[in-house]
Each structure stands twice: as C-alpha cells, then as structure tokens.
Amino acid sequence: MSGAITDVGGIAVGHHHRLDDDAQLGSGWATGTTVVLTPPGTVGAVDARGGAPGTRETDLLDPSNSVRHVDAVVLTGGSAYGLASADGVMTWLEEQNRGVAMDGGVVPIVPSAVIFDLPVGGWRCRPDAEFGYRAAQSAGTDVAIGTVGAGVGARAGVLKGGVGTASTTLASGVTVGALVVVNSAGDVVDPGTGLPWPADQVEEFALVPPPAAELAAYADRHGELGPLNTTIAVVATDAALSKAACRRVAVAAHDGLARTIRPCHTPLDGDTVFALATGAVEVVPDPTTPASMTPELSLAAAVSAAAADCLARAVLVGVLAAESVAGIPTYRGMLPGAFG
C-alpha cells in the first residue's frame with residue numbers, strides 16, 4: 001500500500017498555510033487549510049466519532065437529506081474560526097460554476113471540519129477565506145505531506161502531527177484513498193516500545209525498537225505539552241456508491257484511527273471522517289456473493305475495509321513526514337534509532 005488519495009481519478013488536493021520562521025507556542029503564524037476537490041457527481045457522507053467536533057455543512061450529508069453531491073471538503077486549522085476558510089473555497093468553486101444549480105447561479109456544497117491548533121501559533125492567527133481560496137486554487141494531484149496545509153499546527157500526542165495520505169487498488173479495479181490531518185490528544189507511538197501501535201506498520205516502514213536512552217527521553221517528554229485534539233480525514237473511492245453506502249464507509253474508516261491513535265474518539269476529540277464516491281467505476285456483481293447481500297453492500301464492505309487500512313497508513317505517513325514547528329518534536333527527531 002502506498003500512493004495518495006489523488007490516485008482516485010478526479011480527486012485533487014490543495015494546501016495553503018502560513019508559518020513564521022520564528023513561530024513559538026502561543027506566538028506567530030502556524031496554521032493552514034487543506035482542500036479536497038471532487039469531480040462533478042461525487043457522492044458524500046460523514047461520520048463524527050469524537051465528542052467535540054467542529055464542522056460545517058455536515059447535516060446535508062445525512063442519507064435522508066436531499067443534497068447528494070459534494071463539490072469539495074475543507075480540512076482546516078483555526079478551530080471553529082477556521083471554518084471561515086470554506087467561504088473562500090465556495091467563492092473559487094462559484095467562479096468555476098460548480099455547485100447546485102439555482103435560478104440565480106450555483107451554490108457550492110463544501111462540508112468542512114477543523115482541528116484545534118490555536119495554542120501552537122498566535123490565538124488570533126487563524127485561517128480565513130483567503131486561505132481556502134488559495135488552497136482550492138492550488139489543488140492538483142501531487143499531494144504534499146507532513147507540515148503543510150491544515151497539518152502545520154497539528155500535533156500527535158507529544159510529537160508533531162501533520163498531513164498524511166495513502167491509497168490502494170482492490171482486485172475489482174476499484175481504487176480507495178485516504179487523506180488525514182493528524183492532531184490527536186492520543187499517542188501514535190507506544191510509549192513502552194517507541195514504535196507505532198500496529199505491527200504491520202512497524203514492518204512496512206522497517207522500524208526497529210529505538211535505544212533505551214531515546215525511549216527514556218521520549219517518556220520524559222510524554223504528556224508534557226497540553227493536549228490538542230481532533231483528527232480529521234477524507235476517504236475516497238472511484239466506486240459507484242449511494243450516500244447510505246458512503247456513510248457506512250465513513251463509519252468503518254474510523255477503525256483506521258482506532259488502530260493507530262490511542263486513545264481516540266474521546267469526549268474532547270472531534271474526530272471526523274468524510275467519505276466520497278466519484279462513481280467512475282461500476283463493478284460487475286460477483287456471482288459468488290450470497291443472495292442475502294446486494295452487490296452494493298458487497299462493494300461497500302470491500303471499500304470500507306480498504307478505507308480503514310488506508311487511513312491507518314496515512315496517519316503514520318503524516319507523522320513520519322512532519323517537521324518541527326514551535327519546538328514540538330518530531331518522531332524522527334526524538335526516536336531516530338527506530339529507523340535502524
């Protein structure tokens with residue numbers, strides 16, 4: 001498994017951030033916005049498992065509601081203030097004539113979610129509409145990772161968090177991808193071993209137990225900083241799925257967070273996952289599928305499992321790629337021995 005969410009045809013990702021060279025905790029700019037643009041006709045859904053989400057336009061993604069298609073998803077820093085960045089994305093999309101067609105024009109559908117990164121830079125240094133516009137304007141298929149966009153002010157426990165992505169292609173030819181902003185109060189590294197929790201990630205990234213001295217130094221820093229929280233993500237597929245099926249994919253994708261972040265989904269987290277289906281690939285039903293399971297349910301089950309796997313990998317990709325901001329240490333900086 002490798003790749004990026006943009007391996008799903010038609011998906012594009014853009015970042016915009018502001019990071020002062022001398023940013024310190026509580027001072028300077030250290031925040032940003034990440035935008036996922038979708039091809040026309042993309043179906044979307046969402047599942048928020050954290051107890052303190054910061055979101056916009058998520059009610060319309062409920063399968064029982066009328067709007068079916070999503071034009072973009074915004075992941076941003078700035079806590080609830082950062083939701084203003086979605087205004088800029090809407091402006092950019094309106095210029096492209098993207099959105100629900102009305103008598104007087106179009107209304108772009110832009111669900112959004114935020115992370116709480118305000119204490120990393122200055123409290124009043126947060127994304128606005130210009131951040132969203134520039135992120136949308138810069139969107140493409142090459143996805144920058146680590147300390148970029150909404151990941152600039154992100155933290156993963158005591159370590160620096162960031163933006164990660166991954167993708168995989170199923171035997172059916174369906175592609176599934178994930179993009180995540182890792183900003184968790186929980187740990188992505190087992191304090192007892194200095195390694196990520198999932199054994200498959202330890203093997204995939206060829207990590208080894210770090211020396212005792214490094215582990216002790218990590219343990220000393222563990223819990224030193226006040227907890228930031230909320231990991232937000234987008235999973236996408238080119239399969240043709242309904243809103244209800246997308247909802248089940250979003251629910252299952254949270255398993256990827258539970259495998260890699262401990263704890264997650266707490267009352268103080270706002271963990272939120274969006275699921276997108278572009279519908280470009282129609283899968284021929286498998287004749288061996290039990291009669292009790294419809295073809296869409298069978299496809300949604302396969303996509304759900306892949307989405308959780310991709311999201312788990314994307315979490316570690318984001319943390320490994322992160323660079324230090326405001327004195328927050330990186331995994332590579334604190335535990336270099338884990339890389340052999």
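Once the C-beta distance of Gln24 and Ala305 is scaled by a Förster radius of 41 Å, the resulting FRET efficiency is 0.45 to the nearest 0.05.
For Val67 and Arg262, what is the calculated FRET efficiency with R₀ set at 30 Å and r taken between the beta-carbons, to the nearest 0.05? Efficiency computed from Cβ-Cβ geometry: 0.25. Rolling a 1.4 Å probe across the protein heavy atoms gives region 51-142 an accessible surface of 47 Å² per residue. Figure legend: label point modelled 7 angstrom from the Cα of Ser172 along Cα→Cβ; residues of region 264-282 with amide N under 11 Å from it are 281-282.
Annotation: the antiparallel percentage among DSSP beta bridges lying fully within the chain is about 80.
For the chain, the fraction of 1.4 Å probe accessible surface lying on carbon and sulfur atoms is 53 percent. Two tests apply to each whole DSSP H helix in the chain, Cα reach of 24 Å or more along its axis and mean Kyte-Doolittle hydropathy of at least -0.5, and the ones passing both are 243-260, 295-321. Solvent-accessible area per residue in region 227-283 equals 31 Å², computed with a 1.4 angstrom probe and all protein chains kept. The mean sequence separation of alpha-carbon pairs under 8 Å and at least six residues apart, normalised by the residue count of region 1-146, gives a relative contact order of 35 percent.
Which whole-number percentage describes the relative contact order of the chain, with Cα contacts under 8 Å and a sequence gap of 6 or more?
25
Compute the separation of the alpha-carbon centres of region 1-60 and region 101-141 and state it in Å as a whole number. Here the answer is 9 Å between Cα centres. Extension gain for Glu296-Val107 works out to 65.1 nm (0.36 nm per residue, less the C-alpha to C-alpha distance).
The values are calculated or read from the model by the stated rules, or taken from the named source; none is laboratory data. Since we're looking at a predicted model, the values are computed, not measured. When we count neighbours, we look across all protein chains shown, and the Cβ atoms used for this are built from the backbone with ideal geometry, even at glycine. Note: accessible area is taken over every heavy atom of the protein model, side chains too, but ligands, DNA and RNA are not part of it. Shrake-Rupley method; radii C 1.70, N 1.55, O 1.52, S 1.80 Å.
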